[in-house]
Amino acid sequence: MAVQMSRGRCDGCKRSLPHMSGLLLVLLALAGLAHAAESLCEPGFVQAPLRTLRALPVAFAGQDPSAREVRIQWVGHSSFLLTTPGGTTALTDPNVAHPSPLPPDVVTISNEHFTHNQAGAVPGSARVLRGRTTSGEWVEVNVAIGDLAIKSMPGSGSTDPGGLAENTIFVFRTEGLCIVHLGNLRGPLREAQRQRIGRPDVLMVPIDGFMTLTYDQIALTISQLKPAIVLPMHYDAPEHARRFMEFIKESVPVRTLAERTLRLTRGALPMSSEVIVLGY
């Protein structure tokens, strides 16, 4: 009797194997969808229109489109001032040589080099978000301030030696736009990093060509992430921008703006990547 019972259990297991396999496939598929939803520049991060709907008008009928603008001002070096439609302001990588034009609500610091971490020089009493401690330990950022959502991810490139080069990539979401600040990225993004970022609307990329990414690595990063707009940073002289433009125009359209502030809505984004040099 014991043998018959054991055999019966075994037969039942064999009959259930197809059902278990099907269930496993479903669970794996759901896990894959969950991983895809984690991409920082996809709608799962914050509620936002799908990227494929970017050509639709942003404003409702009768509403001034400029009221929904996201403003991005290049302050200097790797420092940008982001202003949301709701008036929330964020300053990236504060630099004493390029003071903030106003007291921001929040400050992000991608790395602890003195040209990126001068939070004490920022006017007002902004909330300071660091991706790493001064000793290089990773700190996850996932906050919402007003109508601005901010997340972070480890941003060391594949050749990053560590130490002061320990870097954080910050991702900002507001008004359906995804804005990525690469910080002092020092090597190509790894596959996991590319998947995690997704497809940015705006990519702020260091272009010095020496201390951070090489020009070839910049072109590769643009081709991989396919951002709508690329904003060069991490340079201090117009000649640096000129050299970069001469190189990148062979693969990506380039235009310059004399003013340092870019005003964006989803409806105004280009359908393919474009480099815009501010203040040139």
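The values are calculated or read from the model by the stated rules, or taken from the named source; none is laboratory data. This structure is a prediction, so every number in the text was calculated from the model and none was measured. With ideal geometry, Cβ positions are generated from the backbone for all residues, glycine too; neighbour counts draw on all protein chains shown.
Overview of values
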{"read-out": "Residue satisfying condition, being touching a residue at least 60 places away in the same chain (Cβ under 8 Å), surrounded by 14 or more Cβ atoms within 10 Å (Cβ to Cβ) and within 19 Å of Y235 (Cα to Cα), within set T88, T108, T115", "value": "T108"}
{"read-out": "Qualifying positions in the stretch 252-264 - in contact with an Asp or Glu (Cβ under 6 Å, 6 or more places away or on another chain) and either loosely packed, with under 13 Cβ neighbours inside 10 Å or more than 21 Å from S100 (Cβ to Cβ) (or both)", "value": "P253"}
{"read-out": "Filtered residues of the stretch 102-116 (kept if at pLDDT below 95 and not hydrophobic (A, V, I, L, M, F, W, C))", "value": "S110, N111, E112, H113, T115, H116"}
{"read-out": "All helices (runs of 4 or more DSSP H) inside the stretch 175-280 with 2 or more residues being basic (K, R) and at positive phi", "value": "none"}
